[in-house]
1. Among the helices of the chain (complete DSSP H runs), which have Cα atoms covering no less than 27 Å along the helix axis and a Kyte-Doolittle mean of at least -1.0?
2. Ordered by residue, what ³J(HN,Hα) values in Hz, to whole numbers, does the range 200-214 give under the Karplus form 6.51 cos²θ - 1.76 cosθ + 1.60, where θ = phi - 60° and Gly and Pro are x?
3. Under 5 Å between amide H atoms, partner at least 5 residues away or on a different chain: which partners does Tyr182 have, H built in plane at 1.01 Å?
4. Starting from the eigenvalues of the Cα gyration tensor, five times each then square-rooted, give me the equivalent ellipsoid semi-axes of the range 463-565, largest first, whole Å.
5. Considering the Cα positions of the range 81-176, please state its Rg to one decimal place and its Dmax as a whole number of Å.
6. Need one value: the accessible area of Phe152 in square angstrom, 1.4 angstrom probe, rounded to the nearest 10.
7. Can you find, among Pro184, Val173, Thr91, the residue farthest towards the positive end of the dipole of the chain? Put +1 on the C-beta of Lys and Arg, -1 on that of Asp and Glu.
8. Please state, as a whole number in µm²/s, the translational diffusion coefficient that the Stokes-Einstein equation yields for the range 363-457 at 10 °C and 1.306 mPa s, with Rh defined as the Kirkwood radius across alpha carbon pairs.
Amino acid sequence: MIALYVLSLGASAAIFGLFARQVLGGQGYVPGFMQGVLLAGAVASAYAGVQLLYMALLRFIAPTRARSVPIAEGLSQLSAVVLVPHLLHVTIPWPDPILHRAGPLIYIAGFAFIHCFFKLMSFFAGVKGLPGPRLGALGWAAASALSFLAAFSGFHAWLRQSEEARPKAPESVQIYRVGDAYAPARVMPERAVLAYSFTAFPDACLTLRLANVPEVDEENPPLDDVYVAVTMEAAEGFEVTERVRLKEGWAELRVPLDAGGEGIRECRVVWSATKEPRWRRLIGIRPMVSSHRRVLLSGPFLHECRGDEADAVQRSVVLIMVDGLAAGHISGLGCKRETTPAMDRVIRHGTAYPNMFAPAPEASAGLMTALTGRNPLMHGFLGDAHGPLPEGLTTLGEVMSERHYATAAFTEGEAGGLGDLTLRSGAGRGFELFDAAYDSNAGSAATVGRARRWLEANEDVKCFLFLRLRELADLTSRERYVPGWVEGQESPRAVDLYDSALKYLDRQLGPLIKEVRDRSAQNPTCLLLTAPCGHAFSPGGGDVTPGLSEEWLRVPALFQMPGLAPGVRREPAALEDLPATLLSLAGIDPSGVIQGRSLFGTSTDPAAISMCGSPLTLSIRTEEWRYTWETGAVGRVALHRVDDLVKGRVRNVASQHPEAVGELQAQLDEYLARYAVGGGE
């Protein structure tokens, strides 16, 4: 009888193992043939171990010689034939779709009912049968232990081989464009696992961005939403599963790390197109079989959430640069036309530098100087040269990114084929999102809108936003500039068109400026609004060719930040000092990080040097003088008093002040010696 029981147990265990392999295979837990064999064998061994353990306990509790016990047990094992129709894929006409989905559970319930019925019979037979020795329980227990050992080995081998067969997250990261924004990302297969190691700190959080892959087909259609699970590996680890809607552009998911403390060192990220059942999360084992579906995953990025105190040590930074924004056309700095009410509020409540000087009359030169703190001789953006940015030059984006800031840039660099601040130029270094798109019909209003949406999405973290607008550099008579100073004019003067466009642009920037000011109540934020170059007009109101004139080089720098003393500082300053100033205001020591000095520091350097042309022409501006020198065999020089330039008198007084010429020329010679060959420090 024992032999018949063993045969029935073997058949039942095999059926149960195959049933488990089929059900779990349908759930994605069997990535290959060998893994299926191991899983079926492990489940069969575990099943046999449970049955043998029951026999050992029964033999110990109620030892008996009655043959009815193995007969009843054999019948209980044969109840596994209830599972055979499912193994053979027999179609059952269930009356309800819910029953169809619950088919495996119904089979298991039927098996369990019959199995337990005969189990009760065997137990009753053991209790009522003739007594026997208990020593036989040891044999059953030993057989049960061997079965459990085989099950453990099988499960371990199945898990190991299945994890090896699990689709891997690509190690390499490439730049992908989704909508208008570029981001570093990898193509993630469904259910592939990405492991990310990091060092947690107080108020840390992880940020992930997801998007549909650009190339879609029938096997990989675009997804409306996905479910992303982030598991923290730590002593007190935790898991977060969120539904992420993949609309146009990059969708964002942020996971605070406060729940796990500072002991978290690694996380695992996996996504699926459907929400995982609760039982999967409870057992902690996810399916290994992938589909053809893919998404783009950018990150994870480790960011610092804003603290509860308004006087946080490090502040967020918003840098806005407007091509051609001339200081003389801002109403708060003396323009008779009311062109800039929003900017005027920044001047009243912040600190204004009306005498900031650009390094060149071209916008790209000033923009890259503001991002690197380096002059055009070092970063290579001068005249028609638009980079790329040399390796080794650190950008503001890189500095902020290393300090766990969320970073984004909106540069309008693709406007009209300009190609200055594009991804290829190197301007995207350190930015998690980089948007260079520009629509001349929508103008800079569309760019400001995208920047505002990004800022709102990152209101709870430290962030660095770089926004460049070229509405004033793309001057064409447009309906959006009406009324302004062009209403009723068929051919408006360039200066009227400029002032009208400036007023329109100021209206677009107003809500963003207010949003930054309101944000500062909870998340201290430093705002700087400036320009990479100015704009000059003739006495008749027409355009003037860019050059080293006061109007082309003099730009405003408007700072707004909690605790910053309001006022207008009229000493000359160089655009090269803006990166160091922003870092200082953000609470980051700029020394050894980026070149330049802080305008709010103790050191002073009133000279500002600009350049242009071929042959190279240099201009140095102090509080008293403006000196211009053209390099070459026969260099021409010009010296002007600043007071004369302010009053509109352009008089070359170089011959009358040779001492001033000599002193300023020496500064330019030293400047060239430091930077002209190989760059300097």
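The values are calculated or read from the model by the stated rules, or taken from the named source; none is laboratory data. Bear in mind the structure is a predicted one, so any value in this text is a computation, not a measurement. Neighbour counts are summed over all protein chains in view; Cβ atoms, including those assigned to glycine, are modelled from backbone coordinates with ideal geometry. Each accessible area value is taken on the protein alone, full model and side chains, heavy atoms only, with ligands, DNA and RNA left out. Shrake-Rupley method; radii C 1.70, N 1.55, O 1.52, S 1.80 Å.
1. Within the chain the helices that satisfy the rule are 2-26, 33-61, 103-128, 136-165, 494-519.
2. Taking θ as phi minus 60°, the curve returns 6, 8, x, 6, 7, 8, 9, 10, 10, 10, 10, 7, 5, 5, x Hz for the range 200-214.
3. HN-HN under 5 Å from Tyr182: Phe434, Asp435, Ala436.
4. 30, 18, 10
5. Looking at the range 81-176, its Cα Rg and Dmax stand at 22.7, 79 Å.
6. Accessible area, nearest 10 Å²: 140 Å².
7. Thr91
8. Rounded, D is 115 µm²/s.
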